[in-house]
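In what follows, a single structure is set out as structure tokens and then discussed.
Rule-based calculations on the coordinates, nothing more; no lab input. For clarity, every value in this text was computed on a predicted model and none was experimentally measured. Heads up, the Cβs are rebuilt from the backbone with ideal geometry, glycines too, and the neighbour counts pull from every protein chain shown.
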Amino acid sequence: MGFLERFFKLKEQGTNVRTELLAGVTTFLTMAYIIFVNPSILGDAGMPKDAVFVATCVAAALGTLIMGLYANYPIALAPGMGLNAYFAYTVVLGMGYTWQAALGAVCISGILFLIISVLRIREMIVNGIPRSIRIAITAGIGLFLGIIALKNAGIVAANPATYITLGNLHQTPAVLAIVGFFMIVALDRLRVKGAILIGIVAVTILSFIFGGNKFTGVFSAPPSIDPTLFKLDLSAALSIGILNVVLVFFLVELFDATGTLMGVASRAGLLKAGKMERLNKALIADSTAIVGGAFLGTSSTTAYIESASGVQAGGRTGLTAIAVAVLFLACLFIAPLAGAVPAYATAPALFYVACLMLRDLADVDWEDTTESVPAVITALMMPFTFSIANGVAFGFISFAGLKLLTGRAKEVPVIVWIIAAIFVFRYIYLGAE
């Protein structure tokens, strides 16, 4: 325990080993769905699902381990939702590239990431984000978490006329999710340790009684990763046509991960003067995970917004991330047990965290519309386009545009002009994928 205290600086962050491990379990439970969802999505692109399952677990463990040991942040990484869909449905099925070439594109984007992270260019980009946009990123991630949670609980559903509508509240998942939400909020308000984890476990137990959830066992031997290991095709990825794909991966990874890192760090109170103290280490960890994941056989690995649930449970250091990494590795052998937690059991935790993250909007300068409007656009575009990267992109573009049109262009950092121009180019010439 003394070693853990010294290495992770637990006392300095106002935490302890028990709290950190509990937070790690909480984060893991809210993002464990990826070990089943990612193989399903990449399987549609023709990738061997069993091998992708192993690659997903190992890539998540590797990236999260680096984040915990090297950057000492309670942030977990795993193959990103949205990025895997772009990989499978746009690049492979839509554009006709092989999944091996797509993995090559992911690897190249990760190497570019690593280069700009080591050279601190990426840190300069992050630190150049205007305060209003930085605040809005946290709130936007909260809204994004909120819509994910409501969807997972069945409380909102798709509608061809209105796009989204109220789901069937008579269904068991919706009822149990609502019960879990009130349980978590009440327990947290009463300062019960592990309130979020208690809520997730309680709903999972109720799912066996009322939801028809089936327990399929505990242990199973991990499948072979050989079908995807080192199968990326770098030469195909360097062809002229797929360079556009590399650029899109690069831009989305940059602002998806960056937005998540800033948002979760802000929620944990780990920002000093609005900046992450060990940002460059976190960025290098994130970049390395992308390259490692590509070699293992999965789409881009990125920081997960679900880390906010562990932060809410008290996680403040890399020990939380270490716990998550160990659990991902354990999933190689206990996949049936991990799969016993339904999405609607973790939905209440995500929704509660979403509610808490929205309070950061109070810090926006609402009197200055060149600050507040871009902030609102940033926050709203994340859930409405189902993309953190799109929210950040439109935030940068609107911030620069409004400052220019109101004669205040000098207030815009050079890096903001550059990024806004890159995003305008992306949407005009490369589409919005």
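With N set to the residue count of the chain, report its C-alpha Rg divided by 2.2 N^0.38 Å to two decimal places.
Ratio of Cα Rg to 2.2 N^0.38 Å: 0.94.
Quick one: of 193/214; 49/231; 9/281; 11/272; 9/275; 193/275, which pairs are farther than 21 Å apart, Cα to Cα?
Details: 193/214 29 Å; 49/231 14 Å; 9/281 16 Å; 11/272 18 Å; 9/275 19 Å; 193/275 29 Å.
The answer is 193/214; 193/275.
Considering the options 93, 72, 82, tell which one lies farthest towards the positive end of the dipole of the range 1-141, charges being +1 on Lys and Arg and -1 on Asp and Glu at the Cβ, about the Cα centre.
The residue sitting most towards the positive pole is 72.
Place +1 on the Cβ of every Lys and Arg and -1 on the Cβ of every Asp and Glu in the range 191-256, take the dipole about the Cα centre, and give the residue among 229, 255, 206 whose Cα lies farthest towards its positive end.
The residue sitting farthest along the positive end of the dipole is 206.
Ranked highest first by the average count of other Cβ atoms within 10 Å around their residues, in what order do 129-139, 253-263, 219-229, 198-208 fall?
Descending mean neighbour count gives 253-263, 129-139, 198-208, 219-229.
Residue farthest toward the positive end of the dipole of the chain, with Cβ of Lys/Arg at +1 and Asp/Glu at -1: which of 332, 362, 246?
362
Could you give the DSSP H helices of the chain that reach 24 angstrom or more along their long axis (alpha carbon positions) and whose average Kyte-Doolittle hydropathy is no lower than 0.0? Intermediate results must be reported in sequence, preceding the final value.
Details: long enough: 49-66 (25 Å, 1.66); 99-118 (28 Å, 2.08); 131-153 (33 Å, 1.27); 172-189 (26 Å, 1.74); 243-267 (36 Å, 1.44); 279-296 (26 Å, 1.19); 388-405 (26 Å, 1.61).
Helices passing the filter in the chain: 49-66, 99-118, 131-153, 172-189, 243-267, 279-296, 388-405.
Mean separation of Cα pairs under 8 Å and 6+ residues apart, divided by the residue count of the chain: what relative contact order is that in percent? Walk me through the numbers on the way to the answer.
Working: 819 pairs, mean separation 147.7, N = 433.
Rounded, it is 34 percent for the chain.
Go through 101-108, 145-152, 210-217 and give me the packing order, highest mean Cβ count within 10 Å leading.
101-108, 145-152, 210-217
Let me understand the range 313-366 better: what is its radius of gyration from the alpha carbons, and its Dmax, in angstrom?
Computed over the Cα atoms of the range 313-366, radius of gyration and Dmax are 16.0, 51 Å.
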